[in-house]
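Undergrad: One structure is given below, represented as structure tokens, and several questions about it will come after.
Since every read-out is calculated from the coordinates, none of them should be taken as a lab result. Everything numeric here is computed off the predicted structure, so don't read it as measured data. Virtual Cβ from ideal backbone geometry, glycine too; neighbours counted across all protein chains shown.
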Amino acid sequence: MLKFTYFICIVFWTVLTMEAQDNITHFETRADSIISGYFETGHFNGSVLIALQGEKIYQKAWGYSDLDKETALDSRSQYYIASVSKIFTASAVILLETQGRLSVYDRVTKYLPELPACFHTVRIHHLLSHTAGIPTESWDWRDKVNSDNSIVMEFLMKQEELEFEPGTKYSYSNNGYVLLAMVVERASGKAFDAFMKQYLFDVAGMDHSFVGTRNMDIDVSHVIKSYVNGSQADWPLYITGPSGIYTTTNDLFLWDQAFFGNEFFNKSKVKEILAPVQIKGKDQFYGRLGWGILNINGESYAGHMGGMFGFRTLYEHRIDQNATLIIFTSIGDLTPIMEIRNKLTELMAMYQHGN
């Protein structure tokens, strides 16, 4: 009787495994159909990773890392993720808080005393949530080749007033995240790129990720080129904090699993990080301590989008379903990234509901 029961269990498990594999194969076919339509018309060149319940069910690269040489993209291809870098900068700040090296309620001038007097009311949490009123500039980054964070500080040092009282408005600020990168350096005593590697990338197992700096000694053979209107559009730029990170889809997934698997912060801290900042009692689309936050039809999403040069990046984690979508592309606005995202998330929902 025991042998018969064991046999039945094996048969049942085999059938379930075959059905699951058939479902994944069906999912891959449908995802391929979506993306190939854009690739074949010249509207996609990049990489996609999809995971459900912590398991990758789709990972593929379409196109070339160098359009001129027609070097094929692969799983090792490293993209400049632009503003998706902000979630790492925010996490570095919170990590320093857990280490007792700073508080998000500290004034930014505690670490950057050289800032003008008008910055005295700005707290670190204001920078994290884009509610600090940091002045902005309207220059074209292509005119700032080889620039680093010092150019932003030079601009801010000339300011006599903030755009608004901290905490009273939401206004997306790249400059605020430059200041956060500098706070990380002052509070930790380490260069920003070194801190990120030691305390974030290495811990998550992100062996193919780095912060771009002027004097970096890193193998860049897998860094891909980006294009705008068919012309290569990469300019040496070393602004860190709001951007500056290069990574692969797989490395970003490792980060995703480490963060939501509470390897960096416990559950209560993650919940606090992802709570939307409020202005006059109204939730904004950004977390109080970093990250982009969305609620669509009762489902909570956390992540970020980014765009610089010809790179367009999207990373989102569907919190309630533990589902992850990562899209990296390199041909600028030729790629309708949100349109592709919507089709893939619809497919993910169908798969989760067994359709």
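Undergrad: Only Lys, Arg, Asp and Glu count, each charged at its Cβ (+1, +1, -1, -1), so figure out the dipole size of the chain about its Cα centre, rounded to 20 debye.
TA: In total the dipole reaches around 860 debye.
Undergrad: Let me ask you something else. In whole Å, largest first, what are the principal axis extents of the Cα atoms in the chain?
TA: The Cα atoms of the chain stretch 80, 51, 38 Å along their principal axes.
Undergrad: Give the residues of segment 215-238 whose amide nitrogen is closer than 14 Å to a point set 7 Å from the Cα of Asp333 in the direction of its Cβ.
TA: 228-230
Undergrad: Are there any helices in the chain, counted as whole DSSP H runs, that stretch 18 Å or more along their axis by Cα and score at least 1.0 on average by Kyte-Doolittle, and if so which?
TA: Passing helices, by number: 85-98.
Undergrad: Right, here's the next one. With just the Cα atoms defining each centre, how far is segment 210-261 from segment 272-306? Give it in Å.
TA: 24 Å
Undergrad: Let me ask another. Among the listed pairs Lys110/Lys269; Lys197/Lys282; Lys158/Lys269, which are separated by more than 26 Å between their Cα atoms?
TA: Where the Cα-Cα span goes over 26 Å, the pairs concerned are Lys197/Lys282; Lys158/Lys269.
Undergrad: I would also like to ask the following. If packing is taken as the average number of other Cβ atoms within 10 Å across a peptide's residues, how do 195-207, 103-115 rank, most packed first?
TA: Top of the packing list down: 195-207, 103-115.
Undergrad: To the nearest 20 debye, what is the magnitude of the charge dipole of segment 131-275 about its Cα centre, counting +1 on the Cβ of each Lys and Arg and -1 on the Cβ of each Asp and Glu?
TA: Dipole size: approximately 240 debye.
Undergrad: Could you compute the net charge surrounding Ala61? Neighbours are other residues with a C-beta less than 10 Å from the C-beta of Ala61; K and R count +1, D and E count -1.
TA: +1
Undergrad: By count of other Cβ within 10 Å, fewest leading, how are His317, His208, His353 ordered?
TA: Sorted ascending by nearby Cβ count, the order is His353, His208, His317.
Undergrad: Considering the dipole of segment 71-218 built from charges on the beta carbon (Lys and Arg +1, Asp and Glu -1) around the Cα centre, which of His126, Met157, Leu96 is farthest to its positive end?
TA: The residue sitting farthest along the positive end of the dipole is Leu96.
Undergrad: If you don't mind, there's one more thing I want to ask. Give me Trp62, Trp139 sorted ascending by neighbouring Cβ count inside 10 Å, so fewest comes first.
TA: Going from least to most buried by this count: Trp139, Trp62.
Undergrad: Rounded if a/c is under 1.5, else prolate if a/b beats b/c, else oblate: with a ≥ b ≥ c from the C-alpha gyration tensor eigenvalues square-rooted, which is segment 26-67?
TA: oblate
Undergrad: What FRET efficiency, computed as 1/(1 + (r/R0)^6) with R0 = 51 Å and r the Cβ-Cβ distance, is obtained for Glu40 and Trp235, rounded to the nearest 0.05?
TA: E between Glu40 and Trp235, to the nearest 0.05, is 0.95.
Undergrad: Further, regarding this structure: Mind checking the full-extension length gain between Glu272 and Ser75? Use 0.36 nm per residue of separation minus the Cα-Cα distance, one decimal, nm.
TA: That pair, Glu272 and Ser75, stretches by 67.6 nm at full extension.
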